Amino acid sequence: MAAIIPAHRARVTKLVRSHGSFVVDQVTIDRLYGGLRGMTVLVSEISKVDPQYGIRLRGYTIQEVLDLLPKAPGTEYPLAGGLYYLLLMGEMPTLEDALMVENEWKARSHVPDYVFNVLKSLPADTHPMTMFSQAILSMQHESVFARRYNEDLQKVDYWEAALEDSLNLTAKLPTIAAFIYNLRYRDGQFISPDPNLDWSANFGHMIGKGKDSDYLELCRLFFVLHSDHEGANVSAHTAHLVGSTLSDIYYSCSAGINGLAGPLHGLANQKCLRWLLSVRESFESFPTRDQLEKFASDTLNAGKVIPGYGHAVLRTVDPRFTAQLKFADKYLPQDELFKLVKLVYEVVPDVLQKTGKVKNPWPNVDAINGTLQYHYGVKEFEFYTVLFGVGRIMGITANNVWARALGLPIERPVSLTTGNLEELTAGI
Ligand code: NMX
Ligand code: MLT
């Protein structure tokens with residue numbers, strides 16, 4: 001990174017000097033009241049969501065990422081270490097590059113006991129996302145960035161300390177997530193990481209599924225798919241905002257995870273599984289198209305959203321959904337819940353379209369991810385968003401390192417009152 005950052009800084013400086021006043025987008029009143037949706041307000045070096053084609057990570061589509069990233073011998077899905085290299089460096093890694101990151105993670109994976117003690121001290125029915133956020137926050141005093149900032153850290157070197165923190169935190173995520181799962185659902189059993197397994201597969205191993213090679217493949221797919229979705233989704237943007245105050249990676253990631261915990265964002269995977277199970281329980285046998293259509297309409301008429309469908313930016317089927325559909329077609333084609341996912345995919349877009357207001361009636365990543373976990377026996381759906389978070393922190397931290405490398409300032413736009421806007425528009 002030290003070799004590529006100076007040239008990138010020069011690119012940004014030139015762009016701002018030459019075209020600083022170029023108008024990228026316009027702020028209108030409906031957008032101010034509309035959650036800024038559709039407005040271009042941020043820069044992220046890592047990825048971009050194209051409404052028609054979906055996410056591109058460093059320019060690569062999901063299918064390209066899955067095809068081109070290096071894999072461990074004898075496995076089908078990529079090493080997360082390779083993905084992290086791609087997000088940070090902007091170039092497709094070799095197997096050696098991917099293993100370099102995997103080895104860094106192994107060397108930094110030890111989770112201090114106090115983190116486990118914090119988790120154990122929480123009420124037994126604490127939501128796993130609260131536990132995940134607390135675990136990350138509890139490690140804040142390990143921050144290299146915070147310590148060095150209080151010593152002699154120069155702005156030009158911020159990114160190095162941010163990278164240290166990022167590697168230290170990401171290295172520990174599978175162990176933390178597995179600890180939360182085991183504490184909540186497996187009587188607190190503890191399994192140490194297997195040094196012969198990669199970062200993603202180690203999560204599966206540590207929740208007792210190390211012998212299920214198909215589940216380990218799912219772990220590899222899952223974490224890569226959930227890593228990033230450009231800089232302005234709620235979790236990434238929250239983390240960016242917090243990081244812009246020079247709060248360190250632990251503060252930023254804990255905040256981002258709190259945003260991911262909302263039902264309109266990452267928690268939709270938990271909600272989606274609950275909704276699918278309620279469909280299944282409502283009918284004696286597999287529902288017909290008509291029955292499902294009525295069930296979906298009843299959900300809408302009750303004032304609820306259909307989880308896993310719709311998106312603020314996408315206007316097509318989420319390629320992360322398609323990648324998981326492909327996985328399921330290969331590994332669990334006969335699974336009843338998966339068959340229901342497919343029927344929902346056939347029926348629900350029409351139902352949503354008929355409302356006349358849903359801008360994107362197609363499935364997003366959350367319409368299927370829980371079903372895959374459920375198939376392999378991870379049935380505690382309150383936990384699913386933690387898995388989303390483990391993946392997402394790769395994107396958040398890569399963005400944070402680049403934000404510090406580019407010396408991005410504190411994010412502080414301006415707000416107005418309705419009265420101010422009425423004054424601005426009076427007489428028009
Ligand atoms: N079911 C019912 N209504 C919906 C849905 C849906 N799946 N999607 C959008 N709408 C409604 C939306 O609530 C809004 O209604 P109203 O005007 O009465 O407030 C209207 O359609 C227009 O919304 P859009 O502009 O299409 O979507 P928006 O950008 O506001 O929201 C989501 C995007 C993702 C929040 C929304 O589609 C949704 O709530 N989906 C279900 C939850 C979900 O799957 N979230 C996960 C997103 C991915 N992730 O992991 O973060
Ligand atoms: C995400 O992965 O963050 C979601 O698809 C939500 C978004 O992009 O806004």
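Bear in mind that the values in this text are calculations on the coordinates, not laboratory data. Fair warning: this is a prediction, and the values are worked out from it, not measured in the lab. Cβ placement follows ideal geometry from the backbone for every residue including glycine, while neighbour counts extend to all protein chains displayed.
Send over the semi-axes of region 270-375's equivalent ellipsoid, whole angstrom and largest first, taken as the square roots of 5 times the C-alpha gyration tensor eigenvalues.
Details: eigenvalues 79, 63, 24 Å².
In descending order, the three semi-axes are 20, 18, 11 Å.
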- Tell me, in nm to one decimal, what length is gained between GLU411 and ASP350 on full extension, where the rule is 0.36 nm per residue of separation less the Cα-Cα distance? 17.9 nm
- How big is the Rg/Rh ratio for region 202-305, C-alpha atoms only, Rh by Kirkwood, two decimals? 1.10
- Message: Over region 270-375, what is the relative contact order in percent, taking alpha-carbon pairs closer than 8 angstrom and at least six residues apart?
- Response: 41 percent
- Cα convex hull of region 335-378: mean projected area in nm², to one decimal? 3.2 nm²
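With a ≥ b ≥ c taken as the square roots of the eigenvalues of the C-alpha gyration tensor of region 1-57, please select rounded if a/c is under 1.5 and otherwise prolate if a/b is larger than b/c or oblate if it is not? Spell out each step's value before the answer.
On the way: a/c = 3.00, a/b = 1.50, b/c = 2.00.
Judged from the Cα gyration tensor, region 1-57 comes out oblate (a/c at least 1.5, b/c at or above a/b).
Of LYS339/LYS359; LYS294/LYS357; LYS304/LYS354; LYS106/LYS330; LYS342/LYS379; LYS71/LYS330, which ones are farther than 21 Å apart at the Cα? Kindly include the intermediate steps, with their values, before the conclusion.
Details: LYS339/LYS359 26 Å; LYS294/LYS357 18 Å; LYS304/LYS354 15 Å; LYS106/LYS330 31 Å; LYS342/LYS379 19 Å; LYS71/LYS330 18 Å.
Violating the 21 Å Cα-Cα cut-off are LYS339/LYS359; LYS106/LYS330.
How large, in Å, is the chain by the Kirkwood hydrodynamic radius built from its alpha-carbon pairs?
Values: mean 1/r = 0.0442 Å⁻¹.
Here the Kirkwood hydrodynamic radius works out to 22.6 Å.
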- Note on the structure: With the 8 Å Cα cutoff and a minimum separation of six or more residues, the chain has a relative contact order in percent of 22 percent
- Item | Amide H contacts under 5 Å for TYR309, placed H, 5+ residues apart | ASN364
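Please report, largest first and rounded to whole Å, the three semi-axes of the ellipsoid equivalent to region 96-209, where each semi-axis is the square root of five times an eigenvalue of the C-alpha gyration tensor. Don't skip to the answer; put the middle values down first.
Working: eigenvalues 145, 77, 16 Å².
Listed largest to smallest, the semi-axes of region 96-209 are 27, 20, 9 Å.
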- Working out 0.36 nm times the residue gap between GLU336 and LEU68, then minus their Cα-Cα distance, what length gain in nm do you get to one decimal? 93.3 nm
- Query: Dipole of region 270-375 (Lys/Arg Cβ +1, Asp/Glu Cβ -1, origin at the Cα centre): which of ALA302, ASN364, ALA312 lies farthest to the positive side?
  - Reply: ALA312
- Query: Can you give the Rg and Dmax of region 363-422 based on its C-alpha atoms, in angstrom?
  - Reply: 19.3, 56
- Task: List, largest first, the extents of the alpha carbons of region 50-151 along their principal axes, each in whole Å.
- Result: 43, 36, 32
- Which one of PRO73, PRO112, PRO409 has the biggest mean-square fluctuation once the chain is modelled by GNM with Cα springs under 10 Å? PRO73
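Contour minus end-to-end for SER18 and ILE4, with contour as 0.36 nm per residue of separation and end-to-end as the Cα-Cα distance? Before the final figure, lay out the partial values.
Working: separation 14, 0.36 × 14 = 5.04 nm, distance 2.17 nm.
Taking 0.36 nm per residue and subtracting the Cα distance, the gain is 2.9 nm.
Using helices alone, what [θ] at 222 nm do you get for the chain, with -39,500 (n - 2.57) per DSSP H run of 4 or more residues, divided over all residues and rounded to the nearest 500? Working shown, then result.
Numbers: 20 runs with 242 residues, N = 428.
The helix-only estimate for the chain comes to -17500 deg cm²/dmol at 222 nm.
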- Highest first, please rank the peptides 417-423, 38-44, 197-203 by the mean number of other Cβ atoms sitting within 10 Å of their residues. 197-203, 38-44, 417-423
- Message: Translational diffusion coefficient of region 282-321 at 20 °C, 1.002 mPa s, Stokes-Einstein with Kirkwood Rh over Cα pairs, in µm²/s as a whole number.
- Response: 177 µm²/s
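How would you rank 392-399, 243-250, highest first, on the average number of other Cβ atoms within 10 Å across their residues? Numbers along the way, then the final one.
Working: 392-399: 28.4, 243-250: 21.8.
Final packing ranking: 392-399, 243-250.
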- For region 1-96, build the convex hull from the C-alpha positions and give me its volume per residue in Å³. 130 Å³
- For ASP50, list long-range residues whose amide hydrogen, built 1.01 Å from N in the peptide plane, is under 5 Å from its own amide hydrogen. ILE55, ARG56
